[in-house]
Amino acid sequence: MGRGTQLFVVGVLFLVACSSFRQLCASSSDDDDHTIFYDSFDDSFEGRWIVSDKEEYQGVWKHSKSEGHDDYGLLVSEKARKYAIVKELDSPVSLKDGTVVLQFETRLQNGLECGGAYLKYLRPQEAGWKAKEFDNGSPYTIMFGPDKCGATNKVHFILKHKNPKNGEYVEHHLKFPPSVPSDKLSHVYTAILKPNNDVRILIDGEEKKKANFLSAEDFEPPLIPAKTIPDPDDKKPEDWDERAQIPDPNAVKPDDWDEDAPMEIEDEEAVKPEGWLDDEPEEIDDPDAAKPEDWDDEEDGEFEAPKIDNPKCESAPGCGEWKKPMKSNPAYKGKWSAPFIDNPNYKGIWKPQEIPNPNYFELERPDFEPVAAIGIEIWTMQDGILFDNVLIAKDEKTAESYRETTWKPKFEVEKEKQKAEDLAADSDSSLTSLQQKVFDILYKIADLPILSTYKPKIYDLIEKGEKQPNLSIGILVSIVVIVFTVILKLIFGGKKQARVETEKTEVADTSKKTEVADTSNNHGSSGDNEEEKEKKEDTAAPRRRGGSRRET
């Protein structure tokens, strides 16, 4: 064999080996993929999910982005509607073979006051349903997910199980299920069905409930019926006496028993308190009340002022007609009745005898019906419910991997945004409280005597600030300027006035007495006019607090 031929053969063998290795790797990868069904809704649901044609389901489904993300989901778009949509699986999924994980995400973007956001895992269509006619009566194996309305607030887990004795399907509800998160963030719900009959409910990857399918403590009604039941044909005998005690037939009412004595009598020893105002009513007409301008006597009747507590009664022990108070009657006994004694004929509370339960059966493992489709059939008052990342898997790690890659990044972003909004809201609240305290201080400043001339203007500024908080800083600056101006006026204006008075006195001393008197009178008159003018201005300035403030 030549060297060229040898190289050719080696190359072929290398390619075959590589091809075999790729197939082996691919085979190994397929074996590791425990995903049975997954829908991320990155593509439109139309053509893959089937919307029910039933007339009652008028709610419109939309392929929509989750708020704040580029991630798409299946959206409930209208309020107060019934919704029904279904996705048939390529082949039925058995819940009897090992672990099965059911998982999906929901985001209540507008909250959830009344409505459901759960999934139904449907039995094969041989059970009697059609995709286009999917409705509340379509037979399911498991119903799982949030439901909240009124007193109901729980993450449902319902198993519909067939009784092998009578063929009847019974809904078995998980007892004490976890509550629905009350925020508007994305949450992921996981139900893990284990071969040892355990079921675990996770919310956001955290276990919230663990139960056993065969335990009467965990499901209502229990999957395994009671061995005995009350005999439906057993009847209580007519002479059966269930009274534990009876009135003593030999008891006689005492001769001194007065059944007509009242329970309360007037306290004859009571004395009217000193200072009691007999002629003052407890309530009077509000003297500050005025008939509204739009009051029409013909339509509204004669205006009557509202009543207020009489202020004169606040410092007095009481007002109005004084009456002696009532007290318990020591002679009161009420109607006589015979005392009770043990009933000699008492037989206890009757109940029918127990008989073997004809529908009793034993189980080692629930007889799960296979899942052939996933449906959403809900009635809700809220819009904005977004379903996403619906998964059926064979193990918990696969579900955990999806949570880490699809749900968690979104949730972290939403949580941080929510924190920022909460901090902003708290900051706004604190700022509003601080602003009100500042306004209260400014009202007190306006009441200072030295600012009486400017009081109306200051009140106007404060009231404007209360109505428009965004102007608070500017208004505060304006008031500070007014106060500063008044202080400067008092300081420098006072010195100037003193200097003028000194000069006038010197001139008066060098003049004639009559002229001095005239000059003095004239100067005094001028000073008096200035003072009187200021007093008049003080009197003219009304005390204004605005409609939203109370005079203190």
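The values are calculated or read from the model by the stated rules, or taken from the named source; none is laboratory data. In this text, all values refer to a predicted model and were calculated from it rather than measured experimentally. As a convention, Cβ positions derive from the backbone with ideal geometry for all residues, glycine included, and neighbour counts pool all protein chains shown. Surface accessibility is based on the protein's heavy atoms, side chains included, excluding ligands, DNA and RNA. Shrake-Rupley method; radii C 1.70, N 1.55, O 1.52, S 1.80 Å.
Summary of values
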| quantity | calculated |
| --- | --- |
| Looking only at the stretch 145-156, and only at residues there that are surrounded by fewer than 24 Cβ atoms within 10 Å (Cβ to Cβ) and among the hydrophobic types (A, V, I, L, M, F, W, C), the one that is modelled with the lowest pLDDT | ALA151 |
| Residue satisfying all of: in the stretch 176-213; touching a Pro at 6+ places or on another chain (Cβ under 9 Å) and aromatic (Phe, Trp, Tyr); nearest to GLN109 (Cα to Cα) among these | TYR189 |
| Residue identified as open to solvent by 60 Å² or more (accessible area, probe 1.4 Å) and either within 16 Å of VAL390 (Cα to Cα) or under 30 Å from the mean Cα position of the chain (by Cα) (or both) among ASP71, ASP42, ASP97, ASP53 | ASP42 |
| Residues located in the stretch 124-158, provided they are charged (D, E, K, R) and within 23 Å of ARG200 (Cβ to Cβ) | ASP147, LYS148, LYS154 |
| Residue identified as surrounded by fewer than 13 Cβ atoms within 10 Å (Cβ to Cβ) and either in contact with a Gly (Cβ under 6 Å, 6 or more places away or on another chain) or assigned to a loop (DSSP other than H, G, I, E, B) (or both) among GLU217, GLU207 | GLU217 |
| Lone unmet requirement of (1) at pLDDT 95 or above; (2) more than 27 Å from GLU414 (Cβ to Cβ) for GLY47 | (1) |
| Sole exception among (1) charged (D, E, K, R); (2) closer than 30 Å to MET263 by Cα; (3) open to solvent by less than 20 Å² (accessible area, probe 1.4 Å) for ASP388, by number | (2) |
| Selection within the stretch 118-128 - out of contact with any Gly (no Cβ under 6 Å at 6 or more places or on another chain) and of a type in the set (A, V, I, L, M, F, W, C) | ALA127 |
| Sole residue being in a helix (DSSP H, G or I), modelled with pLDDT of 75 or more and farther than 30 Å from PRO195 by Cβ, chosen from ALA399, ALA498, ALA424 | ALA424 |
| Residues that are more than 16 Å from GLU171 (Cα to Cα) and surrounded by 15 or more Cβ atoms within 10 Å (Cβ to Cβ), drawn from the stretch 220-238 | ILE229 |
| Pair list, Cβ under 6 Å, 6 or more apart: the stretch 364-380 residue assigned to a loop (DSSP other than H, G, I, E, B), other residue among the acidic types (Asp, Glu) | none |
